[in-house]
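Below is one structure, written out as structure tokens, with a few remarks after it.
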Amino acid sequence: MLSTENENFGNVLVALADPTRRQLLDHIAFMGQATATTLATKVTVSRQAVVKHLAVMEDAELVASNRIGREVRYNVCPDQLTSTAKWMGKIAADWDKKLAWIKRMAEANNHSDLT
């Protein structure tokens with residue numbers, strides 16, 4: 001079993017489950033950094049909703065905020081995305097091994113039925 005201890009995978013997956021949050025993350029990544037006000041012009045939700053979405057993403061450590069004067073700017077933190085992708089890759093590889101084993105067993109069983 002893969003260890004997820006001390007990992008933030010659940011929060012990352014919850015954050016990425018929402019299409020608006022994925023869209024916001026894409027915009028931040030494209031712009032390098034952005035304020036909630038700027039992001040609100042890019043999506044179909046209010047600035048207050050954008051701030052709530054950003055809080056979820058910040059809790060998942062997908063974005064970080066940086067106050068500069070009166071503005072709060074957000075930038076993407078790729079580490080959580082990278083570790084979550086690696087974790088998902090390990091799960092996929094494990095399933096590939098299991099499915100290959102099932103295929104070998106089915107083929108062996110099929111071959112023994114023919115003889």
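Over all directions, what mean area does the Cα convex hull of the chain project, stated in square nanometres? Don't jump to the answer; show the numbers that get you there.
Values: hull surface 39.9 nm².
For the chain, the mean projected area of the Cα convex hull comes to 10.0 nm².
For T35, nonlocal amide neighbours, meaning residues 5 or more places apart or on other chains whose placed amide H falls under 5 Å from its own, are Y74. When Rg and the Kirkwood radius Rh are both evaluated on Cα atoms of segment 62-115, their ratio Rg/Rh stands at 1.56.
When the helix-only estimate is applied to the chain (DSSP H runs of n ≥ 4, each -39,500 (n - 2.57), divided by the residue count), what is the mean residue ellipticity at 222 nm, nearest 500 deg cm²/dmol?
Values: 5 runs with 77 residues, N = 115.
That comes out to -22000 deg cm²/dmol.
If you put +1 on each Lys and Arg Cβ and -1 on each Asp and Glu Cβ, how big is the dipole of the chain around its Cα centre, in Debye rounded to 20?
Details: 14 positive and 13 negative charges, 80 e Å.
Dipole magnitude for the chain comes out near 380 debye.
With point charges of +1 on the Cβ of Lys and Arg and -1 on the Cβ of Asp and Glu, referenced to the Cα centre of segment 8-115, which listed residue (G69, A49, A93) lies farthest in the positive direction of the dipole? Of the options given, the answer is G69. Which residue fluctuates most in the GNM of the chain (Cα springs below 10 Å): N11, N66, N75? Largest GNM mean-square fluctuation: N66. Given the options A29, A93, A55, state which has the largest fluctuation in a GNM of the chain using a 10 Å cut-off (strictly under) for Cα springs. Most flexible of the set in this elastic network: A93.
Bear in mind that the values in this text are calculations on the coordinates, not laboratory data. Just so you know, these numbers come straight off a predicted model, no measurement behind them. Reconstructed Cβ throughout: ideal geometry from the backbone, glycine too, with neighbour counts over all protein chains shown.
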